Amino acid sequence: MTFQAPKGTFDWMPPRSELALSVREQMSAPLRLAGYRYVETPAFEDTALFARGVGESTDIVSKEMYTFEDKGGRSITLRPEGTAAVVRAVLQHGLHHGPLPVKVWYSGSFYRYERAQKGRYRHFSQVGAEALGVEDPALDAEMIQLAAEAFASLGLTGVELLLNSLGCAACRPAYRSALQDFLRGLDLDDATRARVEINPLRVLDDKRPEVRAQLAEAPLVSDHLCEACKGYHEEVRSLLRTAGVAFTDDPRLVRGLDYYTRTTFEYVYEGIGAQTAVGGGGRYDGLSEMIGGPPLPGVGWALGVDRTVLALETEGLVEANTPRAGVEVYAVPLGDEARRVLFDLVLELRGAGVSADLAFGGKGVKGAMKGADRSGAAYALILGERDIAAGAAQVKHLASGEQTAVPLAEIVTMFKEKLVK
RNA sequence: GUGGGUGUAGCUCAGUUGGCAGAGCGCCAGGUUGUGGUCCUGGAUGUCGUGGGUUCAAGUCCCAUCACUCACCCCA
């Protein structure tokens, strides 16, 4: 073993890789049904995009970014999250001048320089969705429902939805300073004291018991919302209730990124290590302006593919969500002439929509049959000198061991009828 | 960045008081020269993470180091 995957990363290998791919598909299926369009942006961006979009005060920007200088002297950063890049792309291509809301989704890899542990890696995968240009509680509710639907379609029952509102430019500042006043009176370590000054909301998220204990009397955002925010949030909650989306109000739910306003939510799951969030998102009405764009409200989420796979594993849902892999027909040639005939026949079968493979490598019959067995194929298609002379191949049903001779000219139609729906 | 745990065959792991490097599974071959699975027989595979130290002798004890892993901080 000379090389291994870089520290903090891992490979998706079969069959887990196929489960992960299927998870991505099932996460995006509800989005496509709701009119969201697929977008793809580069894996890296101008560092300033994240510094301004995600927020200088966040840990992501201050210590978790993969930043480097390219040969042209530009500062480049591997994307630590998706929203800032998607908003950048929407603005760059003027999609916000078209019909609103702009609804897009993405699926890809993200990078954060952190110490790895279960459910947290330096390279990770998310499926995300963003809806831009409209401030409508129904859009927030749709967004939240779509992710809930995605988790439900995977069969997960342990996903809990937490909901909160962080207020807006009108009411947040007052709350922020009220919270700071409270926090400054607590007994906290230096790093946390610094956080109180730059990003006090995140202190509410601290999981250390000695900090938690002091937060019991902390002022809550929900008590400081302006009338507009209160009404907006009530409407989101009411729409969710009507839609049958179960949620729990969590007035302490804040998120790690600076750009969130109003609706904030997180999908949490117990039992995938110390991490609990399998997805999260919210409204970010100020983001566009932070990165130099026009006022453009937005709401979105990102779901963690890796963590969702872990959740599926803890709920025993792996098999149910792993698509059948492998081929249906496995061709076993006996001799060079048979190999040539079967090579063509296998291509014909694939052309007709029947998955087929051939025993490569000139193994003996025994080895080739073993290959047929291990491939998981339903049928072995055996051809030797005697069969060529007779103009028929042996078709063996591997589960039952039943074997019949089928004329070569009828092989493709026979399998097509049997296997193609 | 900080702390705990673990490194032995492809995989999962045993290895006693320091005394010849092991098992199961997998892999390969044969039993069966045109037939897989089950069964039987045989076979191959090791820098015991790495480097140093103690010792007649180290997988085992000591030191260092690296990797993996879990957790803290933080996050999807």
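The values are calculated or read from the model by the stated rules, or taken from the named source; none is laboratory data. Predicted model, so just to flag it, every value in this text is computed and none were measured. Note: ideal-geometry Cβ built from the backbone for every residue, glycine included; neighbour counts use all protein chains shown. Each accessible area value is taken on the protein alone, full model and side chains, heavy atoms only, with ligands, DNA and RNA left out. Shrake-Rupley method; radii C 1.70, N 1.55, O 1.52, S 1.80 Å.
Whole Å is fine, so just give me how far the alpha carbon centre of region A:322-374 lies from that of region A:396-421.
Here the answer is 13 Å between Cα centres.
Could you give the accessible area per residue of region A:315-413, probe 1.4 Å, as a whole number in Å²?
Numbers: 5310 Å² over 99 residues.
Per residue, region A:315-413 has 54 Å² of solvent-accessible surface.
Between A:Ala218 and A:Leu186, what is the label-to-label distance in nm when each label sits 7 Å out along the Cα-to-Cβ direction?
0.4
Can you give the relative contact order of chain A as a percent, counting alpha carbon pairs under 8 Å and 6+ residues apart?
Values: 724 pairs, mean separation 67.6, N = 421.
Relative CO of chain A lands at 16 percent.
So for the pair A:Asp46, A:Val420, with labels modelled 7 Å out along Cα→Cβ, what separation do we get in nm?
Reported label-point gap for A:Asp46 and A:Val420 is 5.2 nm.
Give a residue-ordered list of calculated ³J(HN,Hα) values for region A:375-387 (Karplus: 6.51 cos²θ - 1.76 cosθ + 1.60, θ = phi - 60°; whole Hz; x for Gly, Pro).
With the stated coefficients, region A:375-387 comes to 5, x, 5, 7, 10, 9, 10, 9, 9, x, 4, 4, 6 Hz.
Quick one: length gained pulling A:Gln275 to A:Lys366 fully straight, 0.36 nm per residue minus the C-alpha distance?
So the chain would gain 27.9 nm between A:Gln275 and A:Lys366.
Considering only protein heavy atoms and a 1.4 Å probe, what is the carbon-and-sulfur percentage of the accessible area of region A:199-252?
It is 53 percent, rounded to a whole number.
Please go through region A:1-105 and write out the trypsin sites (Lys or Arg not before Pro) that DSSP classes as loop and that have at most 15 other C-beta atoms within 10 Å.
Filter output for region A:1-105: A:Lys7, A:Lys71, A:Arg74.
Given the options A:Pro219, A:Pro251, A:Pro99, state which has the largest fluctuation in a GNM of chain A using a 10 Å cut-off (strictly under) for Cα springs.
The residue that fluctuates most here is A:Pro99.
Just to be sure I understand: of the beta bridges DSSP finds with both ends in chain A, what percent are antiparallel, rounded to 5?
80
Between A:Arg208 and A:Thr248, what FRET efficiency follows from the Cβ-Cβ distance if R0 is 22 Å, with the result rounded to 0.05?
Numbers: r = 22 Å, r/R0 = 1.02.
So, using R0 = 22 Å, E works out to roughly 0.50.
Could you pull out the GluC sites (Glu not before Pro) across region A:362-421 that fall in loop regions by DSSP (anything but H, G, I, E, B) with no more than 14 other Cβ atoms inside 10 Å?
In loop regions of region A:362-421 (DSSP not H, G, I, E or B), the sparsely surrounded GluC sites (Glu not before Pro) are A:Glu402.
Taking a ≥ b ≥ c as the square roots of the Cα gyration tensor eigenvalues, with a/c under 1.5 meaning rounded and otherwise prolate when a/b beats b/c, else oblate, which class fits region A:329-419?
Values: a/c = 1.28, a/b = 1.08, b/c = 1.18.
It is rounded, given that a/c, with a ≥ b ≥ c, falls under 1.5.
Relative contact order of region A:329-419: what whole-number percent is it, with Cα pairs under 8 angstrom and at least 6 residues apart?
31
Would you mind classifying region A:181-319 by shape? Square roots of the alpha carbon gyration tensor eigenvalues, ordered a ≥ b ≥ c; an a/c under 1.5 is rounded, otherwise it is prolate if a/b is larger than b/c and oblate if not.
The shape class here is oblate.
Among the listed pairs A:Lys363/A:Lys416; A:Lys396/A:Lys421; A:Lys103/A:Lys418; A:Lys103/A:Lys416, which have their C-alpha atoms separated by more than 30 angstrom in this model?
Checking Cα-Cα distances, A:Lys103/A:Lys418; A:Lys103/A:Lys416 exceed 30 Å.
From the square roots a ≥ b ≥ c of the eigenvalues of the alpha-carbon gyration tensor of region A:13-132, which class results: rounded (a/c under 1.5), prolate (a/b over b/c), or oblate?
The shape class here is oblate.
How about region A:297-381: which trypsin sites (Lys or Arg not before Pro) there lie in a loop by DSSP and see at most 12 other Cβ atoms within 10 Å?
Passing both the DSSP loop test and the Cβ count: A:Arg324.
Suppose the chain between A:Glu69 and A:Glu18 were pulled fully straight at 0.36 nm per residue; how much longer would it get relative to their current alpha carbon spacing?
14.8 nm
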